[in-house]
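Single-structure report; data block below.
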Amino acid sequence: MPGCNKETRFTCNWIFNILVVLCDGKVVCGCADPFGERPLGHLSGNGIYEIWNSEKIKQIRRELNKGHSCFCDNCGLKRFLREDEPVPQGPEHVEALPRIFFEPTVLCNLACFKAVCHRDSGILNTRTRKNFPLAEFKSLLDQVGKNLNRLDFFNYGDPFVHPQAAEMIAYVKEKFPHIYLYTSTNGLMLDDVMSDDEKIKKIVHSGLDEITFSVDGVNQETYARYRQGGDFKKALEIMAKFAAERNKLGREVPFINWRYILFKWNDAKSHLKRARKLAEKIGVDRFTWEITDHPEEAKSEKYQVGTKYWKKIFYEVWDTNQVGNAIKSKRFIAKIKVLADDIGMNGGGETVNETVNIRVKIKNTGGALWRKSTWSGRRYVRLGVQLYDKNKNLLDANYSRAFLNRDLAHKEKDVLTIALPPIKEPGDYFLKFDMVLEFRDWCAWFESGGSPAVWVRVFK
């Protein structure tokens, strides 16, 4: 292939786990292909599963298992391998399709400054149609819904420009409630003044799992520098309505994020302080910053990755973890104390040949409510233990779990009993105790958001 640099070694898990469906039915690999330049197939000619295990995709998987695929050379999602790093291996044939990025529409109500999805970028000309039909969406979901774990209901454009976006969301959760349904929006198209906010109510009541609002500023001036054509006051009002409607139901979902892209005109310390206060007042669950270097003339120099300012907000940055939060009162932070006297773990040769029950004192020091159980069956908190070898290399990330006795609010504490399974092989080991936010098929450890974990050494 012309321009293919086979000397580079890289890997990528997208082709083994995810497909992206554009609004005109074209299927591509990765959300970093806005113009659909690396097509894998088209729904007009093939079923989604025919594309998923087509010879073209199998060939890419085989090539990636060798450390390079020319198909991926122009994609920014691949991860380069260290010189001594073995190439991760994935299956050539993948029976079920676990995740889809779905683009309801390529249209957007705003014209974000030099964004790739700006109407003047040419992206509209790359789609043979601008909206994905509702009937075709239902047909697609009926094909994949049983085995689909997650649906990301957005790509380029704003999903709620689509006139039937709310109906699409409702269909997913009505027919396949197990699917984790996530969407991202500027929020402004959720305004429904003429019908008593029926659109917001329908989406909230549907069971949507998570929604992210992109609002980048603390007033109209700083907000509209990037979100051109947007209304800052209206964006805040819609987020507040969304949170209020959710709270009326007494549910934990939709989980509401406010994501704030840092630019040179909205990164003053006073702006960050003001934004935190607004987010807390509105009632969103998580407020985070996003770091970008595009467009070049707009990027925040202070908060580029690696700077001292970036390090100060590390646990508040969108893509560094799943539990970090710029709202102090909504953070998942724990204080954990293993009651070693209960098991005699004093560093002196304790043997672990059978299941051992130990007591652990926990305290919610972060502010976010720790739920014992939830309406959605996700986002509940447990105590977790990971098993490591003597050099602190991870052996088992799911060594043991313990449920909470009850919900725990800020400053509340409890003592849990957790069972430690037998360790099969003799040797020195470490146990790491941490709280964990559970999502059924994946989880987020509190440590990733800045909460201190506790290490205990054991011997067999």
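The values are calculated or read from the model by the stated rules, or taken from the named source; none is laboratory data. Small disclaimer: the values here were computed from a predicted structure and weren't measured. No Cβ is skipped: glycine too gets one built from the backbone with ideal geometry, and neighbour counts run over all protein chains shown. Ligands, DNA and RNA are stripped out before the accessible areas are found, and what is left, the full protein with its side chains, is counted by its heavy atoms. Shrake-Rupley method; radii C 1.70, N 1.55, O 1.52, S 1.80 Å.
Just to be sure I follow: if Rg is taken over the C-alpha atoms of segment 183-300 and Rh is the Kirkwood radius over the same atoms, what is Rg/Rh?
0.98
Segment 71-109 to segment 197-259: how many Å between their Cα centroids?
Between the Cα centres of segment 71-109 and segment 197-259 lies a distance of 29 Å.
So what are the three principal axis dimensions of segment 288-447 from its Cα atoms, in whole Å, longest to shortest?
Here the spans come out as 62, 37, 28 Å, largest first.
With only alpha-carbon pairs counted, each pair once and no self-pairs, how large is the Kirkwood hydrodynamic radius of segment 6-53 in angstroms?
11.6
Return the Rg/Rh ratio of segment 66-180 with Cα-based radii and a Kirkwood Rh.
1.05
For the chain, what does the accessible surface come to per residue with a 1.4 Å probe? Please give it in Å².
Averaged over the residues of the chain, the accessible area is 46 Å².
Using alpha carbons only, what's the Rg to Rh ratio of segment 384-455 with Rh from Kirkwood?
On the way: Rg = 13.3 Å, Rh = 13.6 Å.
Ratio of gyration radius to Kirkwood radius for segment 384-455: 0.98.
Over what distance in Å are the Cα centres of segment 142-178 and segment 399-449 separated?
33
With a bin width of 10 angstrom, please list the P(r) values of the chain as percents of all Cα-Cα pairs, from the 0 bin to the one holding the largest distance.
4, 18, 26, 28, 18, 6, 1, 0
Given the options W265, L404, C4, identify the residue whose Cα lies farthest towards the positive end of the charge dipole of the chain (+1 on Cβ of Lys, Arg; -1 on Cβ of Asp, Glu).
Most positive-ward Cα: L404.
Compute the angle between helix 55-64 and the longest alpha-carbon principal axis of the chain, please, reported from 0 to 90 degrees and rounded to the nearest 10.
Computed tilt is about 50 degrees.
Can you give the % of DSSP beta bridges in the chain that are antiparallel, to the nearest 5?
Details: 48 of 75 bridges.
Looking only at bridges with both residues in the chain, the antiparallel portion is about 65 percent.
Of all accessible surface on the chain at a 1.4 Å probe, what whole percent is carbon and sulfur?
Here carbon and sulfur together make up 49 percent of the probe-accessible area.
Regarding segment 141-199, what is the average projected area of its C-alpha convex hull, in nm²?
If you wrap the Cα atoms of segment 141-199 in a convex hull and average its projections, you get 4.4 nm².
On a 0 to 90° scale, report how tilted helix 165-175 is relative to the longest principal axis of the chain, with both axes built from alpha carbons and the result rounded to the nearest 10.
Here the helix axis deviates by roughly 40 degrees.
To test your reading of the geometry: what angle, between 0 and 90 degrees and rounded to tens, separates the Cα axis of helix 232-249 from the longest principal axis of the chain?
50
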